[in-house]
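Have a look at the structure below before the remarks.
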Amino acid sequence: MEEFRLDPVDLTFDLLSNEKAGCRECMPLKNSIKSIEFKGGYIKIYEVKDRVQPSKYQLEGTFFKHSNAHGYEELIVENEKHSSNFLSYSADDIEKLLIIISERLNELKNYDLGKNISVSRYVNGHDYWDLVVLPVPMHNTEKCHVCESLNYTGNREVYKTEKLIAYTPFSPKKNELLRITTIKHTPAEEIDNVLAFDIANFLIKITKKIKKDITFCIKQSGAEHFEIEVMSGNIDPIDILGINRINYSPEETAKKISEKLADGK
Ligand SMILES: [Zn+2]
Ligand SMILES: [Zn+2]
């Protein structure tokens with residue numbers, strides 16, 4: 001049973017989870033919910049059922065808040081084996097993938113699952129995108145934090161086109177190398193072919209120039225302006241949303257330690 005808990009002091013979230021982060025697709029997948037044509041074959045979409053729980057907007061309780069609201073997770077799978085296909089994709093292929101993701105997000109909007117979206121892909125692993133939508137954490141800022149950040153990129157800017165900008169963030173997240181976003185306020189579910197093509201070309205440029213293991217993540221929160229984070233290594237999508245995955249139960253640990261302390265030996 002997975003559970004979200006909120007730290008009342010620093011307002012960060014933990015996910016108590018039995019599951020370790022890792023390649024989701026190496027766990028058995030069955031019954032895809034949708035097939036989409038791609039490169040002479042099909043992309044298959046799988047709902048990750050163990051995470052799908054009724055979403056709640058508020059965590060329960062008064063001081064210690066916890067909830068089993070897990071939002072939604074699905075895998076968008078191009079290839080059922082480990083490969084480095086992403087590195088050989090053309091800009092057209094990546095454009096098509098981005099449009100598929102954008103359309104998925106548009107469809108999921110109908111279900112009120114939450115506003116925290118991460119669609120991540122480790123380029124050297126399985127050929128799939130891990131799409132997570134969560135109702136937590138809640139980000140209520142008056143102005144769009146993405147648009148605001150763009151006023152201060154200064155000497156952290158590394159790339160710019162008419163539509164896109166890439167920069168190193170002022171206070172990067174762990175493993176974060178680069179952040180890419182649109183100069184104009186744009187939600188991920190409104191990425192069109194023209195924009196997708198621009199993004200695709202830049203992602204190809206990055207995979208060629210940054211020769212290390214990287215994860216791309218399309219991320220969006222309450223402000224509804226997407227960003228693409230480029231991170232080194234294979235990153236857990238829960239981690240990307242700023243939530244710590246904890247693989248033990250505080251209550252069970254307390255019980256074990258108490259038993260040891262009570263043991264007279
Ligand atoms: Zn795998
Ligand atoms: Zn914005």
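The values are calculated or read from the model by the stated rules, or taken from the named source; none is laboratory data. Model, not experiment: these values are computed from the prediction. Positions of Cβ are generated from backbone atoms using ideal geometry, with glycine treated the same way; all protein chains shown enter the neighbour counts. Heavy atoms of the whole protein, side chains included, go into the accessibility calculation; ligands, DNA and RNA do not. Shrake-Rupley method; radii C 1.70, N 1.55, O 1.52, S 1.80 Å.
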Subject >> Alpha-carbon spread of the stretch 114-265, three principal axes, descending order, Å >> reply: 72, 38, 30
Original post:
Given H placed on each backbone N at 1.01 Å, which residues far from ASN124 in sequence or on other chains put an amide H within less than 5 Å of it?
Top reply: ILE214
Original post:
In the chain, which cysteines lack any other cysteine Cβ under 4.7 Å from their own?
Top reply: CYS217
Original post:
For the stretch 179-265, what is the convex hull volume of its Cα atoms per residue in Å³?
Top reply: 128
**OP:** Could you work out how far apart the two model spin labels at LYS256 and ILE33 are, taking each label as a point 7 Å from the Cα in the direction of the beta carbon, and quote it in nm?
**Re:** 3.5
Subject >> Order by protection proxy (mean Cβ within 10 Å, highest first), peptides 34-42, 250-258 >> reply: 34-42, 250-258
Subject >> lysines whose Cα lies under 19 Å from that of LYS115, excluding same-chain neighbours fewer than 8 positions away >> reply: LYS56, LYS143, LYS219
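Go ahead and estimate [θ] at 222 nm for the chain from helices alone: -39,500 (n - 2.57) per DSSP H run with n ≥ 4, summed, over the residue count, rounded to 500.
-7000 deg cm²/dmol
If you roll a 1.4 Å probe over the chain with all protein chains in place, what percent of the accessible area is carbon or sulfur?
Values: 7400 of 14210 Å².
About 52 percent, which is the carbon plus sulfur part of the accessible surface.
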Original post:
Where Rh denotes the Kirkwood radius from the mean inverse Cα pair distance, what is Rg over Rh for the stretch 108-196?
Top reply: 0.96
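Express the accessible area of the chain per residue in Å², computed with a 1.4 Å probe while the remaining protein chains stay in the model.
Numbers: 14210 Å² over 265 residues.
With all protein chains present, the chain gives 54 Å² per residue.
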Subject >> Three semi-axes of the equivalent ellipsoid, the stretch 3-256, Cα gyration tensor, whole Å, largest first >> reply: 29, 23, 17
